[in-house]
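None of the figures in this text is laboratory data; all of them are computed from the coordinates on show. Every value quoted in this text rests on a predicted model; they were computed, and no experiment measured them. For neighbour counting, all protein chains shown are included, and Cβ atoms are generated from backbone atoms with ideal geometry for every residue, glycine included.
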Amino acid sequence: MIENKHELKVNQLQAYVDGRLDPLQKNKADVHLKNCQKCRDLAKKLGDLDKAISRAEYYPAPEGYFNTFSSRVACSIAQRKMAKAKPQFWGILRWGGVPIAAAATLTILIVISVNIYISDKGSILVEREGIKTRMASKIETTAEGFGSSRDLIEPLALMPHEINEVKAIVIYLPGDEGPIHPPEIATAIEIDIPNGG
Amino acid sequence: MNVLSDQELIEKVLSGEDAFYGQLVNRYQRAVYSVAIRYLRQHEAGDDVAQETFIRAYFSLKTYDNRYRFYTWLLRITINLCHDAAKKQQKYIPLNDLQIQASDNPLENVAQQDSCNKIREEIDRLPADQRDILLLRVDRELSYEEISKVLNIPLGTVMSRLFRGRKTLMERLKYII
């Protein structure tokens, strides 16, 4: 039985108004309300307030709004999926870009600053039937530094005709000791020729 | 046609049949929109939150705990988004331009509009924790337990805050209601 201590049962009264009491509790509340004007008044006020709030808080959506809602959601989901896929590529650039740029800069600096030139004993690597052969060939170079592309290509043209495919040109760079003969090879730069020479 | 339950639809979406997500959206779009617009009092903001709710729910579907109603889970996302949006728009915007259910009598309409505006105004003056619960109760869709799940607060707190909010409103609106 719900006792006549109003201050203790506001939650029950509220649950009664909200229809959240189980059948047994509801019966007890009904009995109490029959005999208690104060609780009846409070229950009525709570009910009236709820109706007023429901009326005030009713906002109809613009006409046709829901006709396109799910397709707009689907479109946004597709866009997000695409956007999520992109960062994998940009992420590499973002996080990988710094070391890549640093390495590239360092390489350029080394190439420029170290006194490198193609040894007059420069070689051309010719691959034929899977066998790489280093062929001695004189490459004319400028005073110091790389020979021009013409310098690199011309010797190839002088090769015997049976060489029908050049896979790569390898330029051997001298070590720290400078251009000694034979050069101490420190670095080899291999230039691939994708479609053969 | 056999209507699939929320759980069945979710399982289909999780297994890669994305098209079924549309059914979940259609099922709850009105409820989510009405909660969002009630919180934010502006159609554009409510629309943004409603859409974002379904987008976030889609991408977080794997984390959904099926012990709770899908609707409850959705509303939790909605409420969080509403709070974020409300912070951005500083204050809840009064919806004087929003329609109410009009009657045929113009004078009655004006009076009704006035009283509705006053009620909204007083709701907005409530502490946020009481306002949240009151607005979630409007549709009577959610039980107290579900409100406690949506707002992540104990059941007793839901009931006491709800009553405090109602009591305050009854006092402030006694000349209208």
Sorted peptide list for B:49-59, B:5-15, criterion being average Cβ within 10 angstrom, highest first
B:49-59, B:5-15
With a Förster radius of 41 Å, plug the Cβ-Cβ distance of B:ASN26 and A:ASP22 into 1/(1 + (r/R0)^6) and report the FRET value to the nearest 0.05.
0.80
Once you average over the residues of A:59-66, how many Cβ atoms of partner chains fall within 10 Å of each Cβ?
5
Protection proxy ranking, peptides B:38-47, A:41-50, average beta carbon neighbours within 10 Å, highest first:
B:38-47, A:41-50
Distant alpha-carbon pairs in chain B (separation over 26 angstrom), percent:
37
Under a 5 Å amide H to amide H cut-off, with H placed in plane at 1.01 Å, what residues pair with B:LEU142 once short-range neighbours are removed?
none
So what is the calculated 222 nm ellipticity per residue for chain B, using -39500 (n - 2.57) for each DSSP H run with n of 4 or more, over all residues, to the nearest 500 deg cm²/dmol?
-22500 deg cm²/dmol
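Within the set A:LYS9/B:LYS88; B:LYS62/B:LYS88; A:LYS26/B:LYS87; A:LYS9/B:LYS62; B:LYS88/B:LYS149; B:LYS12/B:LYS87, which residue pairs have Cα atoms separated by over 32 Å?
A:LYS9/B:LYS88; A:LYS26/B:LYS87; A:LYS9/B:LYS62; B:LYS12/B:LYS87
List every DSSP H helix in chain B whose Cα atoms extend 20 Å or more along the helix's own long axis and whose mean Kyte-Doolittle hydropathy is at least 0.5.
What comes out of the filter, once short or polar helices are dropped, is none.
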Can you tell me the length gained on complete extension of the stretch B:ASP139 to B:GLU44, counting 0.36 nm per residue apart and subtracting the Cα distance?
32.1 nm
Calculated FRET efficiency, A:ASP41 and A:SER76, Cβ-Cβ r, R0 51 Å, to nearest 0.05?
0.55
Using a 10 Å cut-off around each Cβ of peptide B:37-45, what is the average number of partner chain Cβ atoms that fall inside?
2
